[in-house]
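The values are calculated or read from the model by the stated rules, or taken from the named source; none is laboratory data. What you see is a predicted model; the values in this text were computed from it and never measured. Please note: Cβ atoms are built from the backbone with ideal geometry, for glycine as well, and neighbour counts cover all protein chains shown. The protein model used for the area step is the full one, side chains on, heavy atoms only, and it has no ligands, DNA or RNA in it. Shrake-Rupley method; radii C 1.70, N 1.55, O 1.52, S 1.80 Å.
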Amino acid sequence: MHKNQPKETTIAIIGAGIAGLSCATRLKALGFQVQLYEKSLGVSGRMSTRNNDHWSGDHGAQYFTARDPLFINQVKEWINAEVAAIWNPRLKVFKANQWQDSTATENRYVGIPAMNSPGKHLAKALPIEFNQTIDRVAYAQNKWQLHSLESGDIHQQFDWLVVALPAPQALALTKSIDKSIEKFTIDANMQGCWTVMASFTDNLNLPFDAAFINNESISWISRNNSKPKRIGLETWVIHCNPTWSQEWIELDKDEAAKRILDCATKLGLDCRTAKISIHRWRYASGHTNPIPVFRLHEDLKLGFCGDWLNGGRVEGAWLSGYQLACQIEKVQK
Ligand SMILES: Cc1cc2nc3c(=O)[nH]c(=O)nc-3n(C[C@H](O)[C@H](O)[C@H](O)COP(=O)(O)OP(=O)(O)OC[C@H]3O[C@@H](n4cnc5c(N)ncnc54)[C@H](O)[C@@H]3O)c2cc1C
């Protein structure tokens, strides 16, 4: 417990993706009383995995890199806890209609046995209420009050509020609180992503495990089973690029799948014998520029964290939550 920290200071955190989890973990270590609210039934948000009886696929983040010393330490801890590992795919690049070997050498990490494992590991030490879609917040008499779609008014009131949601969802929840919120959330310009998972009863024996694709509707394909500790049928994950996805975000799912699989066939990934599952991410990627890391309205005791405030990836999201927690502690002292 931090000596100067009144342990009764309470903080509500909305969203249990990696940013919310990291913020909560740090705040708890600094002596705050935290409470997370998550609309889904599990943690990790876009670091997620779709499971089926016979196959599974990481249909959000594919891997993460670690550059900042703080995050490198966190990844080391995850590796020691056996919830993350290095992934060494045979990696290709498709460019100007040609396949090339990737020359990238940076370590790529994945959660094990699934992408949501690091988040689940963090969540073990945190109080989280699931199936709570926070749809209203209000600040009155120096206290935050929350309302959820599923349970109505949340009984507890809080000294601080942390919003750890994608920019458009953060805006929808807080725009009535302060006018300046609209500008910085819109600047993130978050785009959607169409994702297809294709599972096969036989291995395809393609000459690569993952590939970056240029100038096609598809931008990435990967063999999920090439990641460590995956079991089940051979499953390929296909992501479309942000521009194409955003343009066609309202397509009917069957029509989107048809167009994506036509492109996959052109790239040599023939999915005619595969079982297909499709997911529409409405807010997949995007970030503000320049990068503020997090945002804190000290007068309102209101903070924002998430990937979109810090470069738009897993590492940025984790750091955004961590740094926001450190700043709250400084202000609170
Ligand atoms: C298709 C795709 C591919 C990606 N690939 C990569 C990659 O290869 N490498 C990489 O580093 N990053 C990748 N990313 C980005 C990475 O997943 C994100 O940067 C990171 O997971 C964001 O974490 P976050 O905590 O900021 O947000 P999120 O993970 O979105 O967490 C927000 C949480 O808030 C919850 N929530 C939303 N609204 C409410 C509400 N009203 N009340 C309560 N809870 C709510 C959500 O359910 C979610 O759990 C990818 C993302 C997608 C979608």
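Some observations on this one:
- Close pairs from segment 49-70: first among the charged types (D, E, K, R), partner within 9 Å of the ligand (Cβ to nearest atom), Cβ under 6 Å, at least 6 apart: Arg50/His59; Asp58/Met115
- For segment 199-210, the candidate set comprises residues that are more than 13 Å from the ligand (Cβ to nearest atom) and within 23 Å of Met115 (Cβ to Cβ); within that set, the residue that is most open to solvent (accessible area, probe 1.4 Å) is Asn203.
- Among residues of segment 139-184, those that are among the polar types (S, T, N, Q) and either within 11 Å of the ligand (Cβ to nearest atom) or outside the structural domain of Gly17 (by TED's automatic domain parsing) (or both), counted: 3
- Within segment 63-91, the set of residues being within 16 Å of the ligand (Cβ to nearest atom) and out of contact with any helix residue (DSSP H, G or I) (no Cβ under 9 Å at 6 or more places or on another chain) comprises Ile72, Leu91.
- Answer residue from segment 214-241, given it is assigned to a loop (DSSP other than H, G, I, E, B) and within 15 Å of the ligand (Cβ to nearest atom) and is farthest from Ser277 (Cα to Cα) among those: Lys227
- Of all the numbered requirements in (1) over 30 Å from Ile13 (Cα atoms); (2) away from the ligand (no atom under 14 Å from the Cβ); (3) in contact (Cβ under 8 Å) with a residue 24 or more places away in the chain; (4) not in a strand (DSSP E or B), Trp244 misses one, and that requirement is (2).
- Selection of segment 27-58 for residues being within 7 Å of the ligand (Cβ to nearest atom), in contact with a helix residue (DSSP H, G or I) (Cβ under 9 Å, 6 or more places away or on another chain) and part of a loop (DSSP other than H, G, I, E, B) yields Glu38, Val43, Gly45, Arg46, Met47.
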